[in-house]
Each structure stands twice: as C-alpha cells, then as structure tokens.
Amino acid sequence: MSTKSNLWGVLAQYENPHAIYKACEQVRDAGYEQWDACVPFPVHGLDKAMGLKASKLPWIVLTMGIFGSAFMVLFESWAMGSAYPIIVGGKPLFSLPAFVPVWYEATVLFSCVTAFFSNWILNGLPRPHHPAFGSKAFERVTDDKFFIMVEATDPKFDLEKTKALLQGAGATLVEELEP
C-alpha cells in the first residue's frame, strides 16, 4: 500500500452520466469503502451503482413524527382535562376534533425539524472546506462534469492502483487531492 503522507485522496473527472455510472460500479466492485461521487444533477440509479445502503433518515423522521404526534395529543389532553379544565360551548374536556389542527401541525413540525437536523448530522455537515474545493476542475461539478473521489484512508487505497482503476474506468482527468 503506497500513499503519500500529505495526500487526502484522488479525484477523477468523467464527462457524462453513463460514464460515471459505469465507473461507480467498477469502484464498488473493486472493494473501495471510503469514496463518493459528485454530480451536477441526480443520476438515476447511481446510489445502487455505488452500493449504498438505504438511508436511516426516513425512519428517524417517522419516529420523531410519531413522538411529536403522541406528545401533542397527550399535552392537549392534559391541558384541557387537568391543568385548565374549561368547558367551551358545552363540549367535553377531551374533544379530539378540536385538537386535530394543533396535533397535525406539531406532527409536521417535529418531522420537519428532525429531517433538517438529522440530514445535517448524517451527512457530516457543516463542512465549510473539503479537499476537492482546491481542485480547479472540481469547480465544474455544479455545471457539467461528474467526479469520483477516493479517500487515501480507504483500506484498499494504493495510489497507483487507484489511479489506474479510475483511468481504466474512463476518467478524463485524475488528480491527487491534498488536505
């Protein structure tokens, strides 16, 4: 395993969605674990080509949405039934239809806030600087170029073999990234 001491990893540029899709399959099949693909627009099936597992985010949001919903019903029941028992218009103290608007909004609020912060946490954000930002070629990732980055900390990383794999997968540019 040969790596330079001041090396973050390798960046490879591809020209179109088909090329990066095939390259991702080859990197996945080669056994790399610490790598990522950056594209200017969603590429259908790229997560499958990369071998990514399903996200935990929907389950986290569902759990917190259910928690928020249950919390709000219990809070409204307590507030109207015990803390401030006021009979309004002859309605019972526990009037479920009256609770629905606030109950619904609390469920949405808990879900949205959870989705926002969980997405940041699961993606390791905020990250104001990434080694790829030092690459002049990487500036086109938001326009028309596709990139794969393989980290030097990957157990399978060998500088020359990784460069050869990426070039063999159709990369038009392969460059080393420094931290």
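Every residue, every condition in (1) on the phi > 0 side of the Ramachandran plot; (2) loosely packed, with under 14 Cβ neighbours inside 10 Å; (3) without any contact (Cβ under 8 Å) to a residue 60 or more places away in the chain; (4) not assigned by TED's automatic domain parsing to the domain that holds residue 64, yes or no:
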| site | (1), (2), (3), (4) |
| --- | --- |
| 106 | no, no, yes, no |
| 110 | no, no, yes, no |
| 113 | no, yes, yes, no |
| 118 | no, no, no, no |
| 139 | no, yes, yes, yes |
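Against the definition (more than 30 Å from residue 149 (Cβ to Cβ), aliphatic (A, V, I, L, M) and touching a Pro at 6+ places or on another chain (Cβ under 7 Å)), how does residue 109 come out, yes or no? For residue 109, the condition - more than 30 Å from residue 149 (Cβ to Cβ), aliphatic (A, V, I, L, M) and touching a Pro at 6+ places or on another chain (Cβ under 7 Å) - is not met.
The values are calculated or read from the model by the stated rules, or taken from the named source; none is laboratory data. This one's a predicted model, so the numbers in the text were calculated from it and none came from an experiment. Because the Cβ atoms are built from the backbone with ideal geometry, glycine has one as well, and the counts that use them run over all protein chains shown.
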